[in-house]
Structures are given as structure tokens and as C-alpha cells.
Amino acid sequence: MEKTYYLGLSMAGTVSAGTYTAGCLIELDNWLKAWRNAANANQPVKLIAQVDHGPYKKHDIITLDAAEIPKHEVKITTMTGSSGGGVSATLYAIGLATDQVEHFLRDTWMGFDIDDMLNTGDIQGNAPKAASILNVLPIEKVINQLKALTWGANNLLNVDYMTDHIELYQTLSNYEAIPYNLVYYQNQKHMPGTFHNHFDYVRYSLAKTSGPLPDSGTPYRYDLEINPGTKLANDLKWQVMLQSTPATGAFPIGFRPREVDRLRAEYDGKMFYLKYSIPGSEVDYDKVNPNWIKGPNTSLKMKYFDGGTFDDEPHDLARASILRYLNNVCGMNLTQLPNKGNDTFASVILINPFPTHRDATEPGTAVPEIPNLFQQPPLLIGALMDQGRFHPEWIEKLTNEQYYSRFLISPSRPNASGDSNYMLAGATFGAFGGFLDQKYREHDYELGHYNTYKFLFENFAVPENNVVVDYYHNADQPTKDKYRALGWVTDDIMKDKNGKDETVTHVQIIPCFVKHEGINYKVPDWPVMGNTRWQSIRQGVLTRSKMMIKNLTGIGSLLEDLGWLIIGKEKVNEMLDAMEKVLKEANLL
């Protein structure tokens, strides 16, 4: 049995930057697939030298014998996601199962366009009161396509870069809150204090084969299967995922909230990610269950909004999932993932499209005055988004070059002449900007490919004498020369624990077998939207805004038209003028 390096993927909220995450995931998948195909073929492979080394010059053809192809394995064990990251986790899982990763990720995100979001069909006639500013028509189209999907042959059996089952977590935000009794006052157990928890998540697994799976327990898990010939919508467990996927992406006010069918059993022992108890305490927090009103253990229908509101980067869920797998399936006894370079054999990669802007804000200028009542809601939502994107306790570990169990992929783009201070074209307007034009989404998708290629080639590495990734350490000198010429091995100057410089030889965890060309090898050109397209969007916003007023007020057509002409139209045009200014300053229009 080959040595295995276990991998978790944690995907942050995206809004329109889901195209960036899609590019990242597809590039990572390409690397894993190309390497495993070469290893499984057991044939010599011709690759191109990337640097001068030993007898090789850059661009020379290097032939690796079958025995020289690294034999360790990298297996995806878990995926977690918030908001657009949770949507991408679903799309990637279905793409793996159908051998259509690029179709489900790229094509789906490219289809989320402002034209459908400005459609007024949801608020015309006798439609109910609007629940969001934008129409969720493009989201409904995707969900309906997935419901109509009939499973063909189970491609997961061919994906040897995932474990026999992978776990998927989607974060949710619950309007109702789950009540937990945690604190006892004055030692009177019949007078508990109640904690109301609005942060929620759903736990799934996706198995290569049917039958009972190991590593279940608490919290409750939906075990998904691929049953050839079965329509996805006819599987009750997949139905829950088709409800939770748009729910995790239900950006507050922008997209309407969602209802998800849940089970009471999902919340037993769920308060914390890992087993948790305090020595000497009367409370074992791992066994804390909700304080439900007494009733049968039936399903619940609760209303949810964007999963990134309270936790936009669910790294802890990914880490906990990998630990459960290593302990319960692999028979280990770990309390944390080993993080030292020589010892680590599991990592979580955080894919986070934010931050996306280069300039720091001068304190006191972003909000120069006390915001009025109407200014506060967008500022509050922005504050929640920013605060949820990064956890202070793991930023230090991401920036610590001696910490090897946590890595980050985020937007990085040279600021060439004529470009913007933004790195993602869709980063404007709280990252809704990418929905305005497909050119923006295509740029961000290509940047995701480019950044992930650079990350896997230059950063996703461990020291040569790592416990799993030891192909260079154990090779003879001619083979070492090949690995170095291919760029798989580098000598890096790092600080030791005493702050002194030391040279560390690093090797790629996923050796590069992909082609060094195309969208993964160059920075995409900065996109510009044409004025005709922008004028069409302006008209669409005006039309939907007028219809929204009619839908929400219902005060009579004459008064509505008069109010629109006197107040509404002017205010919307002012907003559109401000948006136009932002787009021009960002060189996007």
C-alpha cells in the first residue's frame, strides 16, 4: 500500500467570485488527474524541463521511466464550503461523479448573469412580496438541471485521488436559531441558561460504493450514493443537498432565503466540531443536545440565509473531518494534524477569493460621518462579510512558513500598466460585480487557474525527507537531476525556530504532469465592458426597481408611477451613476 497524503479543501464565500473558485478547483483536479493517469499507466512519460539543472537545459525533453514517477498518493478526504464555496463543493462532487468537472463548475458559474437576475417575472402580477432585490432565476435553472440529472456510470470508481468516501460540509445561517442549554445557575439544573445558535451546517458524505460507511457517529451525516439509472431528485438525501446548496448561497437581501428540510437528530452532539469536555465539569459538551420543545423526532422545515454570514471560511470543519477520518478509519490517535514539515501527512487548503483590493483604507475616511438609518444596513452586511472571511487565530498559521498543515490560495495579479487596483474583475459592489458581464467572470476564472498553478508549482510543498512525500530523498542522483530540472524540487532560505537562516530543500506534494501552457500559465488580460452592455444593464435595473416598488407597496398604479417619477427613478439613477464611476475607476468600463 502506497503512502498517502490526505487533503481537505475549505472554500470561502464568493458571490460572483465563484468563477475564481471554479478555476482553482479545476486546475487542482487537472494536476491530480494528470499525475495519477501517468502513475497508473506504468509507462515512461515525456515532460519538459522548466529550469537549467545538471545535464538538462530549460525546454529540454525529459523522459521519466515508470519507476521514477512518484509513488505516494494524495487523496481528497473532505470538502467544506460557505456560500458560493458551498455551491462549488456540490458542483465539484457531482462533476467528479459524472466525469464532468469542468462542465459543472465552469459552465454553471458562467451562467450566473445579471440579465436573469433583473428579470421581473418573480414580482409581476399576483406574485408574493419580494424576498430579495434580485431574481433567483439563474439559481433555479441550475437546481432544476441537477434535479433532472440521471446518474450514469459511477465515475467515482475511477477517481483514485479521493478516499473511498469524502465528507462535504455546507455552512448555513439559521433565522430561528437552535437553543442549547449550557449553563446552570446556582447549581439548579432545572434552571438552565440557553444559548441560541444561528450558525449551522449540514454534514454529507459521498461514497464510491454503496453500503454502510465507517466514521459516522455525531453529528448526523447524510450518506450520499451514486445509483446508476436513478434520477437525483428521487433520492431523499440528495434532495436535502439540492435544498442546502442554494441556501448556503442565499446572500442576505440580494438573494431570497431558502427552506431546508432537516432532522432533529442532526443537532444532537453538534455544538462543537470535535469531542469536547472540560475536566471537572458536569457538562460533556460533545453530548449537548438542543433544548427542543417536547415532540416526536420528526423533520423540521427551517429558513436559512447565506452560510458565510457567521463563518465564511469553514477551515475548522475540514480539519475536524480529516481528524475523524484518520482516527476512525485509519486507526490513528491524533488530537491535531501534524504541522511540522517532516511530519505532516495531511493539509487543509483554503480557497478564498478575498481580499481582492490592494489599497489600504485611511482610517476615518471610509465612513466619515455617523451613518443614517438607511446607510447602516449595507454597512452592517459589509462588516459581517469582512469579519467572517478570516479567523484571526489561523491567519498567523497561514503566514508561518514553518506550519505545513494549512495553505491558502487567494487572488494575486501583477499590477500592469492600465490595470486596476482590484485583483478580481468581479470584486466590485461587494463581489456582485462579476455578474454584470461574462468577461469579468472569465477573467476571474482564468486567474483562478493561474493562481492555483503557481501555488501548486511553487508553494504546495514539504521538506524532502517528509514522512510521505519522499520521492526525491530516496532517488539516485540521475533521477534527482530530472526532478530538479522539472522544477519539482527547490532550495529555499527559511528562518529556523531561532530566527536564523537555513536552507530547506522542498519537493512538490503533487508533482506537475500538466502542460505549462494556456490559461494556467499566464495572467489574464484585464476585461472591459462595452458601453452598450452597461446601458442595457442600467435599463434593466430601472425596470426591476420600478416593479419592486409596485410589488412591495401595492398602493395603486397612479400613486406608484408618480412616486417612481418623483423620487424612485432619481435615486436609482444616482446609484447607477455611482456604480458607473466605480467601474470606470477600476478600468472595467
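Throughout, read-outs are computed from the coordinates displayed, never taken from laboratory work. Please read all numbers here as calculations on a predicted model, not as lab measurements. Counting neighbours? That spans all protein chains shown, and the Cβs are built from the backbone with ideal geometry, glycine included.
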Report summary line: region 92-147 and region 1-76 have their Cα centres apart by a whole-number Å value of 32
Report task. Compute the relative contact order of the chain as a whole-number percentage, counting only Cα pairs closer than 8 Å that sit 6 or more residues apart in sequence. Result -> 20
**Report entry** Sorted largest first, extent of region 442-589 alpha carbons per principal axis (Å)
**Finding:** 85, 37, 27
Requested in this report: Grab the beta carbon distance between L552 and T490, set R0 = 45 Å, and tell me the FRET efficiency rounded to 0.05.
Outcome: 0.15
Query raised in the report: Looking at the square roots a ≥ b ≥ c of the eigenvalues of the Cα gyration tensor of region 300-381, which shape do they give, rounded for a/c under 1.5, prolate if a/b is larger than b/c, or oblate?
Result: oblate
Report summary line: FRET efficiency (D525, D115; Cβ distance; R0 25 Å; to 0.05) is 0.60
Requested in this report: Could you calculate the FRET efficiency of N342 with A67 from 1/(1 + (r/R0)^6), where r is the beta carbon distance between them and R0 is 25 Å, rounded to 0.05?
Outcome: 0.50
Query raised in the report: Can you give the extra length, in nm with one decimal, that the chain gains between D107 and N327 once fully stretched, where that is 0.36 nm per residue apart less the Cα-Cα distance?
Result: 75.4 nm
Report summary line: Under 18 Å by backbone N from the virtual spin label 7 Å along Cα-to-Cβ at Q43, the residues of region 66-106 are 66-70
Report summary line: Checked region 188-251 with the C-alpha gyration tensor, a ≥ b ≥ c its square-rooted eigenvalues, rounded below a/c of 1.5, otherwise prolate if a/b is larger than b/c and oblate if not; verdict oblate
Query raised in the report: For q = 0.09, 0.10, 0.14 Å⁻¹, what log10 I(q)/I(0) does region 1-144 give under the Debye formula with an equal point scatterer on each alpha carbon and no solvent?
Result: -0.45, -0.53, -0.82
Query raised in the report: How much net charge surrounds A130 when only other residues with a Cβ under 11 Å from its Cβ are counted (Lys, Arg +1; Asp, Glu -1)?
Result: +3
Requested in this report: Tell me what the chain gives for mean residue ellipticity at 222 nm when only DSSP H runs of n ≥ 4 count, each as -39,500 (n - 2.57), the sum divided by the residue total, rounded to 500 deg cm²/dmol.
Outcome: -10000 deg cm²/dmol
Requested in this report: Over all directions, average the projected area of the Cα convex hull of the chain and note it in nm².
Outcome: 32.4
Report summary line: A correct Karplus calculation of ³J(HN,Hα) over region 536-547, with 6.51 cos²θ - 1.76 cosθ + 1.60, θ = phi - 60°, whole Hz and x for Gly and Pro, returns 5, 5, 4, 5, x, 5, 4, 5, 5, 4, 4, 5
Report summary line: Total charge of the residues flanking K515 in space, meaning their Cβ is under 14 Å from its Cβ, with Lys and Arg +1 and Asp and Glu -1, is +1
Requested in this report: Can you tell me the 0 to 90 degree angle between the C-alpha axis of helix 236-248 and the longest principal axis of the chain, rounded to 10?
Outcome: 70
**Report entry** Principal axes of region 484-533: Cα extent on each, largest first, Å
**Finding:** 60, 29, 15
Requested in this report: For E73, list long-range residues whose amide hydrogen, built 1.01 Å from N in the peptide plane, is under 5 Å from its own amide hydrogen.
Outcome: K3, T4, Y5
Query raised in the report: Between E362 and K147, what length comes free when the chain is fully extended (0.36 nm per residue of separation minus the Cα-Cα distance, one decimal in nm)?
Result: 72.5 nm
Requested in this report: At a temperature of 25 °C and a viscosity of 0.890 mPa s, determine how fast region 437-498 diffuses translationally according to Stokes-Einstein, using the Kirkwood radius over alpha-carbon pairs as Rh; express D in µm²/s, rounded to the nearest whole number.
Outcome: 172
Query raised in the report: So for the pair K58, K569, with labels modelled 7 Å out along Cα→Cβ, what separation do we get in nm?
Result: 6.1
